[in-house]
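The values are calculated or read from the model by the stated rules, or taken from the named source; none is laboratory data. These numbers were taken from a predicted model, which means no experiment stands behind them. Virtual Cβ from ideal backbone geometry, glycine too; neighbours counted across all protein chains shown.
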Amino acid sequence: MKKSRYRFIICSLSFGIGFFLGGKMLVNMINDYKFRMKRNFSNMLLFNDWLHFIYSGGDIEKYFMCYNYNKIIIYGNGYAGKILLEALSESEIEVVAIMDKKITSLDEKEGMIGINTKIPDADCIIVTPVFYYEEIYNELLKKTDIPIISIRNIIEKMEV
């Protein structure tokens, strides 16, 4: 009789703990999914606006010329950063460096720098990860006094 009672208690506790931990994991997975969804939605809106900007005859080089930004740093080595680099490749705008927090001093190579590296001389820093702009802006603000601009702001200002 005592053995069956102990088994029942142990099984009940095991079930309860498993149910609690499983639920906790499920909540974490859902929260992670929501976070990724918001980030991806933000990127989708950026690329949607960017395509609209391009198809309506927009030229991103004009923005930099208008503000006399001849030498820039692109923050973000993801898709948006690579697209911006490509868009400026045949322009008069010099991309001094591509900066990314995932680049460490060991990974640095010509033109690629990490966030803890000394920031080279440039007219502005263009932040391409729009979802993380505030976080990146605050981090860069501690390291430099050159203008820090979101790619989203450029696209919105230049829309024809």
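The single condition from (1) at negative phi; (2) under 21 Å from the mean Cα position of the chain (by Cα); (3) not polar (S, T, N, Q) that G111 fails is (1). Taking L46, is it surrounded by 16 or more Cβ atoms within 10 Å (Cβ to Cβ) and modelled with pLDDT under 85? So L46 fits the description; yes. Filtered by the rule that a residue be in contact with a helix residue (DSSP H, G or I) (Cβ under 7 Å, 6 or more places away or on another chain) and without any contact (Cβ under 8 Å) to a residue 24 or more places away in the chain, the range 30-70 gives no residues.
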